[in-house]
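See structure below.
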Amino acid sequence: MAMCSTIVVVVVLVATATAAEETRCPGTTSSFRRKQAAMEDMPMDADVFAVPPGPNAPQQVHITLGDHAGTAMTVSWVTTEEAGNSTVLYGRAMDKLDMAAEGTHTRYKYYNYTSGFIHHCTLTNLEMCIRDSYYAMGFGHTVRTLWFTTPPRPGPDVPFRLGLIGDLGQTFHSNDTLTHYEATGGDAVLFMGDLSYADKHPLHDNNRWDTWGRFSERSVAYQPWIWVTGNHEVDYAPELGETKPFKPFTHRYPTPHLASDSPEPYWYSVKLASAHIIVLSSYSAFAKYTPQYKWLEAELASVNRSETPWLIMASHSPWYNSNNFHYMEGEPMRVQFEQMAVDVRVDLVFSGHVHAYERSFRVSNIRYNITDGQCTPVRDRRAPVYITIGDGGNIEGPADEMTHPQPAYSAFREDSFGHAVLDIKNRTHAYYAWYRNDDGAKVAADTVWFTNRFHMPNHDDSTPKKRHY
């Protein structure tokens with residue numbers, strides 16, 4: 001009998017120690033305080049919104065992957081005076097554009113706004129990893145010639161620099177963010193949603209989609225941006241008679257969803273170098289048996305970690321968020337998809353929506369069932385790191401109401417504007433850095449070396465010795 005009592009006491013002590021370890025908070029809430037400034041969009045006549053010179057000149061040029069792995073690129077642009085043609089010539093040299101692709105054009109109306117002629121053209125049969133691939137459009141009026149670098153062929157040790165931006169908008173702070181990203185440099189951008197914030201203006205003023213397109217062209221015309229849809233892309237306004245969700249976005253920003261067998265453009269996947277990136281839609285149905293849920297099941301089963309060891313997911317609304325702004329909004333998707341993410345050892349999950357920066361430890365909250373009450377996030381080396389990067393600098397301002405005390409799953413958080421870069425080195429290691437706008441362009445405020453969950457599943461990369469400044 002005494003022996004049984006002793007065993008019970010030992011078990012209780014061990015359980016208590018484990019619980020204490022799991023609730024301990026070694027994370028950091030940054031003491032940095034950004035300068036207070038008015039949050040308003042740049043004026044319509046700002047130089048970053050300038051219309052390219054020339055009659056019917058193509059404007060708002062942007063590119064994204066045109067297939068699953070980067071052997072095609074979709075070019076989009078707008079003409080305003082007339083449709084013109086949708087032909088793109090492209091090739092390896094500016095004076096030798098020896099391939100041609102024919103695109104299509106579309107227009108849309110939104111309340112009292114009618115868009116220009118929106119062109120989309122997919123360039124195919126691209127050689128991979130070619131620097132300065134040139135393309136030109138606007139034939140018959142004003143021809144513009146631009147260039148991009150094609151992605152490298154997917155492979156386990158192919159390095160790649162992935163820019164990470166979210167909730168950008170078109171304020172002076174947005175301009176700072178894009179300028180800083182241009183200085184730190186990347187090969188492509190994974191954009192976490194909320195582009196123009198046109199819906200923050202009276203009548204969802206779609207002229208602000210046009211200004212945003214011209215503002216962002218300086219980057220997105222020269223490297224592919226991978227689009228996540230946010231709540232400000234929904235543009236559902238029945239009071240204006242506008243009841244088709246995502247109307248401006250879908251007309252303007254195509255995604256390569258068909259290449260990954262997705263039935264909708266809001267969730268899809270691409271392969272870039274050694275990364276397999278899965279884009280999810282926070283504002284489309286995702287409960288069990290829905291198209292998005294069934295697609296994700298099939299997509300995760302198809303991932304080849306021997307070819308693309310880095311498995312990344314992105315959604316607009318964060319699954320883990322310790323800010324009072326948008327608190328728990330990502331919880332329904334977390335409940336549906338977190339078990340899947342842990343089971344397949346997803347490396348990283350990126351989100352936006354909350355206008356601040358936060359990085360988690362490797363944690364999961366999948367032990368709960370209706371009887372055991374185990375519903376607290378715990379450290380889990382099988383789990384992803386969750387990063388919220390909705391800090392692009394938009395008109396709504398920063399999310400500056402952190403919950404206190406800082407929860408144990410949160411490693412670092414700060415209510416500043418900025419961007420990040422994930423620098424994948426090889427199949428096992430990637431260097432991650434977040435840059436706040438208030439610092440010099442190349443001063444990293446939060447850094448960490450991530451190790452791959454497929455090749456190094458038991459390595460603890462959650463507690464580096466020094467990771468923020």
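The values are calculated or read from the model by the stated rules, or taken from the named source; none is laboratory data. Fair warning: this is a prediction, and the values are worked out from it, not measured in the lab. Counting neighbours? That spans all protein chains shown, and the Cβs are built from the backbone with ideal geometry, glycine included. Surface accessibility is based on the protein's heavy atoms, side chains included, excluding ligands, DNA and RNA. Shrake-Rupley method; radii C 1.70, N 1.55, O 1.52, S 1.80 Å.
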Of the residues in segment 134-143, those that are assigned to a strand (DSSP E or B) and in contact (Cβ under 8 Å) with a residue 60 or more places away in the chain number 2
Can you tell me which residue among Thr179, Thr211, Thr229 is polar (S, T, N, Q) and assigned to a loop (DSSP other than H, G, I, E, B)?
Thr229
Residue count, segment 105-141, condition more than 27 Å from the chain's Cα centre (by Cα) and open to solvent by 40 Å² or more (accessible area, probe 1.4 Å), comes to 7
I'm told Thr64 meets every condition in (1) among the β-branched types (Val, Ile, Thr); (2) touching a helix residue (DSSP H, G or I) at 6+ places or on another chain (Cβ under 7 Å); (3) within 30 Å of Pro398 (Cβ to Cβ) except one. Can you identify the failing condition by its number?
(2)
Within the bounds of segment 352-366, is there any residue that is free of Cβ contacts under 8 Å to residues at least 60 places away in the same chain, part of a loop (DSSP other than H, G, I, E, B), open to solvent by 10 Å² or more (accessible area, probe 1.4 Å) and at negative phi?
yes
Looking only at segment 329-351, which residues are among the hydrophobic types (A, V, I, L, M, F, W, C) and either part of a loop (DSSP other than H, G, I, E, B) or open to solvent by 10 Å² or more (accessible area, probe 1.4 Å) (or both)?
Val335, Met340, Val344, Val346
Restricting to segment 61-92, name every residue that is part of a strand (DSSP E or B) and farther than 23 Å from Leu126 by Cα.
Val78, Thr79
Inside segment 420-445, the number of residues satisfying the requirement of being modelled with pLDDT under 95 and either not acidic (Asp, Glu) or not in a loop (DSSP other than H, G, I, E, B) (or both) is 8
Qualifying residue in segment 409-418 (condition: modelled with pLDDT of 95 or more and closer than 15 Å to Ile312 by Cα)
no
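Being at pLDDT below 95, surrounded by fewer than 21 Cβ atoms within 10 Å (Cβ to Cβ), farther than 13 Å from Ala356 by Cβ and not small (Gly, Ala, Ser) is the requirement here; does Tyr469 meet it? First the steps, then the outcome.
Values: at pLDDT below 95: yes; surrounded by fewer than 21 Cβ atoms within 10 Å (Cβ to Cβ): yes; farther than 13 Å from Ala356 by Cβ: yes; not small (Gly, Ala, Ser): yes.
In short, yes.
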Tally, over segment 159-186, of residues that are surrounded by 20 or more Cβ atoms within 10 Å (Cβ to Cβ) and farther than 23 Å from Asp47 by Cα:
5
Can we say Ala287 is assigned to a loop (DSSP other than H, G, I, E, B) and of a type in the set (Gly, Ala, Ser)?
yes
If you check His326 against the conditions, is it at positive phi and open to solvent by 30 Å² or more (accessible area, probe 1.4 Å)?
yes
Hits in segment 235-279 (condition: farther than 26 Å from Pro384 by Cα and free of Cβ contacts under 8 Å to residues at least 60 places away in the same chain)
Tyr236, Pro238, Glu239, Thr243, Lys244, Pro245, Phe246, Phe249, Thr250, Leu258, Pro263
Looking only at segment 142-158, which residues are open to solvent by less than 30 Å² (accessible area, probe 1.4 Å) and not hydroxyl-bearing (Ser, Thr, Tyr)?
Leu146, Phe148, Pro151, Pro152, Pro154, Gly155
Of all residues making up segment 406-421, the number that are within 19 Å of the chain's Cα centre (by Cα) and open to solvent by 10 Å² or more (accessible area, probe 1.4 Å)
1
In segment 187-196, which residue that is open to solvent by less than 10 Å² (accessible area, probe 1.4 Å) and over 13 Å from Gly390 (Cα atoms) is nearest to the chain's Cα centre (by Cα)?
Val189
